[in-house]
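The values are calculated or read from the model by the stated rules, or taken from the named source; none is laboratory data. Since the structure is predicted, the reported quantities are computational estimates derived from the model, not experimental observations. Please note: Cβ atoms are built from the backbone with ideal geometry, for glycine as well, and neighbour counts cover all protein chains shown. Only protein heavy atoms, including side chains, enter the accessible area calculation; ligands, DNA and RNA are left aside. Shrake-Rupley method; radii C 1.70, N 1.55, O 1.52, S 1.80 Å.
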Amino acid sequence: MKKISFGVVILALVAFTYSMFFVDRKVAIKTEEAKESIVKVDIFADRVSRMTLDEKIGQMMIIGFETPYIDNHIKNMIQTYHVGGVNLLKRNVQNRNQILRLTKELRSTASSSTDIPFMIAVDQEGGIVNRFDFLNSKKKQLLLQSHDEAYEESLKRGRELKEIGITVNF
């Protein structure tokens, strides 16, 4: 019985010593590294706290629309219902210049009613799913042979999408 209780005391002392010298130090280091992130979270939390329930619900939605231009329906969805973004499909795409105009108009429409960045999304995988025939990066994902090649292709595709105003690629 004495051996067991002595072992428990030693174990408790080791755990206490570890927590005093190592855990607190790790927490302090992590806290220092996280200060910038906490400030960003506070700004975000403040912005969300000022939103109406309708704005919060709208921001959770990414919707599609029928036309290759901004019609009254999509304008109303953005300005009245505060949708967080749109998903562009083949029916919305004609050519590079049209997409540049469309993404600029979508962001402008959204910024007239909110300061929250508007998401313009697409599913651009290359190969069979290829919304933008005019992009240079069209390699099928199934043909990528390594992590490095996948990284490079994704980086190239992301840069091209960013140039035409796309902010999310599913």
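Taking all protein chains as present, what is the carbon and sulfur share of the accessible area of region 86-149, in % to the nearest whole number, probe 1.4 Å?
The computed percentage sits at 50.
Mind running the shape call on region 80-170? Use the C-alpha gyration tensor, a ≥ b ≥ c as the square roots of the eigenvalues: rounded below 1.5 for a/c, prolate if a/b tops b/c, oblate otherwise.
prolate
With a Cα-only, solvent-free Debye model of region 108-159, what are the log10 I(q)/I(0) values at q = 0.14, 0.17 Å⁻¹?
These q points yield log10 I(q)/I(0) values of -0.49, -0.62.
Could you derive backbone 3J(HN,Hα) for region 72-78 from the dihedral phi with the Karplus parameters 6.51, -1.76 and 1.60 (θ = phi - 60°), listing whole Hz in sequence and x where the residue is Gly or Pro?
Going residue by residue, I get 4, 4, 5, 4, 5, 4, 6 Hz, with x marking Gly and Pro.
Give the share of C-alpha pairs in each 10 angstrom bin for region 33-127, from 0 to the last occupied bin, in whole percents, shortest bins first.
15, 42, 26, 14, 2
Taking the simple approach of a point 7 Å from Cα along Cα-to-Cβ for both Arg47 and Asp71, what is their distance in nm?
Going by the 7 Å Cα→Cβ label model, 3.1 nm.
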